[in-house]
1. Return the sequence-ordered ³J(HN,Hα) values of region 339-351 in whole Hz as given by the Karplus equation 6.51 cos²θ - 1.76 cosθ + 1.60 applied to θ = phi - 60°, using x for Gly and Pro.
2. Return 196, 168 ranked ascending by Cβ neighbour count within 10 Å, so the fewest neighbours appear first.
3. Residue 68's amide H: which non-local residues (gap 5+, or another chain) put their own amide H closer than 5 Å, with H modeled 1.01 Å from N in plane and none for Pro or chain starts?
4. At 0.36 nm per residue, and after removing the present C-alpha to C-alpha distance, how many nm does the segment from residue 176 to residue 278 gain when stretched out fully?
5. Past 29 Å, Cα to Cα, is the threshold; run 115/174; 86/174; 128/229; 86/128 against it and keep the listed order.
6. For the chain, what relative contact order do you get, as a whole percent, if you take Cα pairs closer than 8 Å and at least 6 residues apart?
7. Of all DSSP beta bridges in region 31-166, what percent run antiparallel (nearest 5)?
8. Please list, in order along region 148-159, the HN-Hα scalar couplings obtained from phi with the Karplus expression 6.51 cos²θ - 1.76 cosθ + 1.60 (θ = phi - 60°), rounded to whole Hz, x for Gly and Pro.
Amino acid sequence: MSSRRSVTFWSAMREREAAVLMVIGAYDPEMSGGGVQCQELMRALTPSRAFLVLSVTTNASLPRRSTVDGIPVYRIVIDLKRVRSKLVAGLRLAWRFLRTCRRVRVVHLNGWSDKNVVLTLLAILFRKPILLTLHTAGYDEPPAVQARGRLAFWCYRRADALVGVSSHFEASYKAAGLPPQRFCVIPNGVDLDRFHPVDSPQRAALRRQLGLSMEAFLILFVGFFSYDKGPRTLFDAWRRLQRPGLPATNLVFVGTTRSSYFEIDRGLAQAIRDEAAAFGVQDRMVFVESSGAMERYYQAVDSFVLPSIREGLPMALLEAMASGLACVASRLPGSTDLLINDGIEGFLVEPGDVAQLSEAIERLIAHPAQRQAWGRQARERVAQDFSLQRMAQRYHAMYDRLRDAQCAREQRS
């Protein structure tokens, strides 16, 4: 091996060992849209870049340290109702950061929460560049962070770069008068090889494997059981379809119903079950708490509905569209309207409008040939602008820019 090749080899090895610290609120097996996106991003980049995951959890039964997809995952357990637990969690976050600090090249914060204050201060102290990705509408915009206090907003503004997953965040960021040169939009991306359409025989086989109805029109919901995600709105709209003359339709709910995660309403799923039983339609609903093979559910059903009242750039909708499903979604400016052109890839309805949602679903049921055409258009839309590879390339370049800028600052000092 020549001297030049040796230098290149060892430089590559050192770069491979220098890790991005990925900080996320919920991580496998606890998953959120942001968590799914981080996991997919790391899967795409691990051949050339190392990662460490630091997560906070309310589930004390999860291991404090594990390996997921070959990536070390450290979890800090916290009881959000106890002040002492929050203080201890802050100390443990700091301790874990200090233990891994020498390996960390970039600190990548996902979403905004109180843990970001501790980690931002430590990153500044140890001269680690900070990337902050804004995932969740209603929580990650400047006004929401500003409401948490001066220190939180100061830390928010100290990020070296901010990424919004949709133009919704860009508009809010600019309206706050923050430096525009630090902000860019990188939309969420989908693994098009994993999430893809299947033919009718494959769909039938999946329904048998998953224990789903072979005859009914299947409507899929994916997400937390929270008020904002709108499962109750979907249930009320679906109930309107339970009348003579319409084909049989079943609801498939995939999402956490019982977690202590702050967004989840633990009584919501039970209330839906109780009301379904009262109307005698409980056997037309399926509840799946979680799945490690979500692509099978998208491929097994006939349509997907996103009835949320707020979203960043919904991963579930992207995955459904990539799977070739005609979708109905709430019209959320700067979010769902970036994905669906009404009447082309599916339908957009006003958030919370049960009648409009029911009518849109009925149109999908009544026009099977057109539904398939909308599904093809949906797949093409995602493949064109929202592929995982496209997103991963942009983050890869951003990590390099942050690293190079930090190196330049260190050389000048």
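Values quoted throughout were computed directly from the atomic coordinates according to the rules given, and no laboratory measurement underlies them. Just so it is clear, the model here is predicted, and its values are computed rather than measured. Cβ sites come from the backbone with ideal geometry, for glycine too, and all protein chains shown count toward neighbours.
1. My calculation for region 339-351 gives 9, 10, 8, 3, x, 10, 9, x, 10, 10, 10, 5, x Hz in order.
2. Least crowded to most crowded, the residues run 196, 168.
3. Result for residue 68 returns 73.
4. Difference between extended and current length: 31.8 nm.
5. 86/174; 128/229, as the Cα separations exceed 29 Å there.
6. Normalised by residue count, the contact order of the chain is 15 percent.
7. Of all bridge pairs located within region 31-166, approximately 25 percent are antiparallel.
8. Running phi through 6.51 cos²θ - 1.76 cosθ + 1.60 with θ = phi - 60° gives 7, x, 5, 5, 4, 6, 4, 5, 4, 6, 7, 4 Hz.
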